[in-house]
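Here is the structure we will look at, set down as structure tokens.
Here, each number is a calculation from the coordinates, and none is a lab measurement. All of these numbers come straight from a predicted model, not from anything done at the bench. Backbone-built Cβ (ideal geometry, glycine too); neighbour counts: all protein chains shown.
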Amino acid sequence: MNKKIVCLLLSLILLLSQTGCWSYRGLNEITIIAGIGIDLDPKTKDYLVSCEIIDLTSTGKESGTKAKLVESRGKTVMDAVRNAKKRLLNKLYWGNNEVLIFGNELAKSGDIGNVINWFLTDAECRETVCLVVSQEKTAKDLLSIYGLDNSVVAFEIKKIIADDENVVGTMENVQLFQAFSILNSPGRSLALPAFRDVKNDEDIVAESNGEAVFKGDKLVGYLPPEESKYYLFAVDEIHGGILTTSSTDEDQTDVSLEISKSKTKNSYSYENGQLKFTIKIETEVAVDEMKPGVDLLDEDTLEKIEQREQKMIEERTESVIKKVQTQYNSDIFGFGNMIYKSDVKLWQQLEPEWDKIFPTIQVKVESKVNIVNTSFLKHS
Amino acid sequence: MFHFISRHKKEMVTDQVEHLNQQLDNNPLSRSLQKNVDTIRSLFTDVDILVVRYIQNRQDSSLRYCIAYCDGVVSGEIINENIIKPLILSGESAADMKSGAHLLDNLVEKVLLISEVKKTKDIKEIVESITYGDTILFIDGVEEALILNSKGFGTRAMEEPENEKILSGPREGFNEVLMQNLSLVRRKVRTNELKMKFKTFGKMTRTKACICYIDKIVNKNLLKELYRRLDSIDIDAVLDSNYLTEMIKDSPWSPFRTTGYTERPDVVVGKLLEGRIAIFLDGTPVVMTVPYLFIENFQSNEDYYLSFFYTSMSRFLRIVGFLLTIGVPGFYVALVAFQQQMLPTQLLISIAGARKSVPLPAAAEAFIMLLVFDILRETGIRMPTNIGQPLSIVGALVIGQAAVDAKLVAAPMIIVVALTGITSLLVPKMNAPVIYLRVFLLILSSSFGLYGFVIGLSGVFIHILNLHSLGIPQMSLSGALQYQDIKDTFIRAPWWDMITRTKSMTDNRIRLKSNRGGNHE
């Protein structure tokens with residue numbers, strides 16, 4: 001009996017002391033970070049880290065949560081982060097950080113791989129942090145403004161990104177671990193949401209602005225929201241958003257269609273050294289807005305709208321792909337990755353020349369639009 | 001070492017008790033009235049409530065008697081009208097009645113107006129009876145005495161038990177008199193199958209107990225086991241059924257109950273009908289029932305009197321309440337002091353804001369607040385009712401609001417403690433274990449975070465699964481779990497659907513012949 005108890009105690013002591021995550025750290029000993037912006041000083045090549053921290057003195061009151069900005073610089077990310085402690089009472093706490101913003105300069109210089117690596121290896125950071133590219137000069141410019149609704153701009157950016165794919169449909173929510181795996185998978189490039197500052201009424205607020213296109217870990221350009229929507233169609237990431245078209249043949253936009261469901265299937269063929277990709281997009285939409293007097297119960301009218309919309313999706317998707325192929329030469333659609341997954345031998349053959357092959361790929365987009373709901377109002 | 005001490009103590013008690021018994025055995029009754037009275041007087045030296053009175057028959061002065069009783073526990077009217085009066089006025093002459101035991105029989109049959117009469121030579125029995133409100137009648141020249149039932153002591157009225165209040169259902173409750181308690185049960189089960197066996201506990205108190213069960217339903221092995229355990233009890237006094245509970249408990253060091261208790265006759269009858277055994281004890285309204293399943297901690301008699309839709313929900317709430325009351329403080333400390341990542345950001349900010357300028361770490365705060373709550377609760381139980389209001393003001397205002405306003409305690413901790421306290425009231429039958437488990441989990445959480453919390457909780461569940469009552473598992477999670485067995489656990493199934501009794505507890509499982517009483521299906 002005694003032996004049993006001793007064994008139990010010993011094993012408990014060993015078990016408990018051999019695991020991590022059990023150092024006591026009170027909530028009043030931490031500085032909560034809401035969002036982080038990382039920039040590169042072009043002259044000294046120092047990392048500039050701006051942390052948006054929660055101002056706890058104001059919480060709990062009616063004014064709502066306020067935030068402050070902490071800046072630091074260092075030779076590496078870790079160095080910069082630790083240097084922040086020089087001006088802080090408490091250690092920075094990363095566990096509830098929501099967004100990671102790359103400055104324009106940093107992204108262009110090709111260092112995001114580094115930063116993503118550091119954030120993944122650090123024990124405290126979340127793997128589900130949203131990644132954002134700032135279209136302003138620095139990431140700090142994006143963090144230092146006040147949010148429109150929530151005064152912590154990092155939370156606002158996070159929410160804008162999270163809701164976007166279901167409501168607007170202009171950007172893809174790429175989280176830290178996904179970005180890492182995209183960067184490390186063959187035949188695939190990274191595209192991250194881009195944000196900029198805009199004037200709204202009296203104040204400056206942050207606004208999403210399409211996608212930033214990377215080649216490797218270098219930023220090569222942006223897709224504006226009108227184009228990034230069709231990028232999402234091509235990679236099957238669209239879950240909502242609005243399509244507009246015209247109900248008549250005149251060139252006048254008067255119909256809004258809300259996407260309720262969309263499915264994209266990609267396939268490819270390789271004949272005589274020519275890669276051909278087919279993108280089949282099937283979309284279910286609901287009519288949301290319509291000029292009065294159009295008979296929505298008339299099948300011909302609906303079919304015309306559908307066809308016009310199909311044509312538009314096909315044209316625009318193809319043009320976006322063309323733009324990325326020629327202008328950026330970055331495989332954000334993951335065409336190479338598709339070949340890698342289905343035919344490794346072919347990929348091994350194509351890989352060394354992929355940069356040259358990618359712009360020459362012929363892409364055919366086939367779209368099918370179904371109107372499933374007509375918001376029909378009876379005229380009395 | 002501890003074994004040695006306890007054994008030593010036990011031997012001392014046994015010695016004393018045996019010493020007492022020997023003293024009684026050394027005084028056998030004699031034929032002389034005076035000698036017998038002297039014996040009783042010497043046994044009751046310094047017991048001033050003993051009354052001894054000599055009586056002589058008017059017709060025949062050779063008939064001399066003496067009655068002895070304890071004042072206060074007897075009914076004066078019975079003694080005057082039914083004992084003394086017939087003995088004095090009886091017309092039977094000594095010649096008619098004399099010649100040994102014959103005289104006693106004549107007295108019982110022709111003279112005494114007492115329903116319950118017993119002949120005895122045993123001085124021990126005489127002492128026990130006299131202290132229990134009986135009157136002893138000694139007759140000159142007879143070596144035996146009569147024990148006459150003249151009990152008449154003040155009893156409390158039958159009231160609804162304070163701590164088992166219900167909304168609907170029978171409202172009567174037990175009081176301190178064994179016979180009245182038994183009558184309440186007897187009346188509800190009008191069958192000869194309801195057995196009631198008397199037994200006496202306590203070397204000093206000689207407390208009368210009654211073991212009740214329904215013969216056709218009870219599991220005979222359990223009954224045998226219960227008798228084995230009760231027979232081994234060797235104690236000087238039994239004042240409440242908890243004395244027995246602790247003596248026959250399966251795991252004596254576990255804070256969890258392994259016997260049930262109630263003050264309501266309807267609960268006792270309900271349990272008897274499920275195959276349980278009830279132990280009534282004189283002098284206490286609390287009746288013990290065995291075996292006790294773990295789920296009985298969450299059951300209430302009202303569950304069976306109200307709609308099963310409603311009571312299934314209350315069952316669920318009680319089980320959730322149990323988990324909350326043991327878990328919430330530990331879980332809170334683990335999240336706030338270790339795994340902050342688990343908190344949603346907004347919640348984290350709110351809690352961090354509240355904890356900003358609080359002096360103590362969360363774990364210490366939790367310990368102190370739990371202690372304060374337990375103190376408040378304990379004072380609430382013991383205090384006279386008329387100072388309840390000031391106490392609740394002190395409790396609510398000073399310790400709650402003022403402490404938060406003065407930034408001594410963070411507001412979320414007050415919420416946590418309040419939740420803990422309120423939910424503990426959902427499971428009043430587990431008041432002992434929850435206090436310890438709560439602190440146990442809190443200590444583990446404060447030193448190892450969620451990891452410790454989960455290990456502690458697993459330990460608690462392993463312990464609960466290991467509990468037995470009268471040798472049967474309190475909580476059965478075996479593969480042979482049957483649908484009928486869980487119909488009265490997490491939910492309370494409708495009456496027409498509870499076809500069988502719990503398997504482990506009864507020899508006769510079928511409760512309903514046909515499960516369709518009304519217009520079902």
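Report the local net charge at A:Gln135: Lys and Arg +1, Asp and Glu -1, summed over other residues whose C-beta lies under 12 Å from its C-beta.
Details: positive: A:Lys108, A:Lys137, A:Arg196; negative: A:Glu105, A:Glu136, A:Asp141, A:Asp197, A:Glu207, A:Glu211.
Residues close to A:Gln135 contribute a combined charge of -3.
Close amide H contacts of A:Ala34 (hydrogens built in the peptide plane, cut-off under 5 Å, sequence separation of 5 or more or a different chain): A:Glu52, A:Ile53, A:Ile54. Kindly express, to the nearest 10 degrees and within the range 0 to 90, the angle between helix B:2-25's C-alpha long axis and the longest C-alpha principal axis of chain B. Approximately 20 degrees, to the nearest 10. Considering only B:Met179, B:Gly452, B:Met413, and ranking their Cα positions along the charge dipole of chain B that arises from unit charges at the beta-carbon of Lys, Arg, Asp and Glu, the one farthest toward the positive end is B:Gly452.
Here each label is just a point 7 Å from Cα along the line to Cβ, and for B:Lys199 and B:Lys85 those points are 4.2 nm apart. If one takes the longest principal axis of the Cα atoms in chain B, at what angle in degrees, from 0 to 90 and to the nearest 10, does the Cα axis of helix B:411-424 lie? In chain B, helix B:411-424 runs at an angle near 30 degrees to the longest axis. Note on A:Lys199 and B:Asp231: their simple-model spin labels are 10.0 nm apart, each label 7 Å out from Cα toward Cβ. Other protein chain C-beta atoms within 10 Å of residue C-beta, averaged over B:447-457: 3.
Given R₀ = 35 Å, FRET efficiency for B:Asp122-B:Ser61 by Cβ-Cβ distance, to 0.05?
Numbers: r = 30 Å, r/R0 = 0.85.
For B:Asp122 and B:Ser61, the calculated efficiency is 0.70.
At 4 °C and a viscosity of 1.567 mPa s, what translational diffusion coefficient does Stokes-Einstein give for the stretch A:26-223, taking Rh as the Kirkwood radius over Cα pairs? Give it in µm²/s as a whole number.
Details: Rh = 16.8 Å.
Translational D for this selection: 77 µm²/s.
Using just its DSSP H runs of length 4 or more, each adding -39500 (n - 2.57), the protein assembly as shown gives a mean residue ellipticity at 222 nm of -11500 deg cm²/dmol after division by all residues.
Given Cβ point charges of +1 (Lys, Arg) and -1 (Asp, Glu) and nothing else, what value in debye, to the nearest 20, does the dipole of the protein assembly as shown about its Cα centre take? If you can, show how the numbers build up before the last one.
Working: 102 positive and 114 negative charges, 750 e Å.
The calculated dipole for the protein assembly as shown is roughly 3600 debye.
For B:Lys195, the aspartates and glutamates whose Cα falls under 18 Å of its own Cα, not counting residues fewer than eight places away in the same chain, are B:Asp215, B:Glu225, B:Asp266, B:Glu274, B:Asp282, B:Asp507.
Cα-Cα over 20 Å: which of A:Lys265/A:Lys345; A:Lys159/A:Lys265; A:Lys68/A:Lys158; B:Lys118/B:Lys151?
Working: A:Lys265/A:Lys345 23 Å; A:Lys159/A:Lys265 29 Å; A:Lys68/A:Lys158 17 Å; B:Lys118/B:Lys151 14 Å.
From the list (A:Lys265/A:Lys345; A:Lys159/A:Lys265; A:Lys68/A:Lys158; B:Lys118/B:Lys151), the Cα-Cα distance tops 20 Å for A:Lys265/A:Lys345; A:Lys159/A:Lys265.
Along each principal axis, taking the top coordinate minus the bottom one, the Cα set of chain A gives 82, 65, 60 Å in descending order.
Within a straight-line Cα-Cα reach of under 16 Å, A:Lys75 can be paired with the following lysines, leaving aside sequence neighbours fewer than 8 residues apart in one chain: A:Lys43, A:Lys45, A:Lys85, A:Lys86. Across all directions, the shadow cast by the convex hull of the protein assembly as shown built on its C-alpha atoms averages 60.0 square nanometres. In terms of packing, defined here as the mean over residues of other Cβ atoms within 10 angstrom, the peptides B:212-224, B:41-53, B:325-337, A:31-43 line up highest first as B:325-337, A:31-43, B:212-224, B:41-53. Classified by the C-alpha gyration tensor, the stretch B:308-469 has an oblate form. Its axis ratio a/c, with a ≥ b ≥ c, is 1.5 or above, and a/b does not exceed b/c.
Counting only other chains, what is the mean number of Cβ atoms within 10 angstrom of the Cβ of each residue in peptide A:90-97?
Values: counts 0, 0, 0, 4, 1, 7, 11, 1.
Across A:90-97, the average partner-chain Cβ count within 10 Å equals 3.
Neighbour counts of other Cβ atoms within 10 Å put A:Thr121, B:Thr135 in the fewest-to-most order A:Thr121, B:Thr135.
Taking R0 as 35 Å, what's the FRET efficiency between A:Lys265 and A:Met78 from their Cβ-Cβ distance, rounded to 0.05?
On the way: r = 44 Å, r/R0 = 1.25.
It comes out at approximately 0.20.
Working from label points 7 Å from Cα in the Cα-to-Cβ sense, the B:Glu164 to A:Glu289 distance is 7.0 nm.
Counting only alpha carbon atoms, the long axis of helix B:308-337 and the longest principal axis of chain B meet at about 60°.
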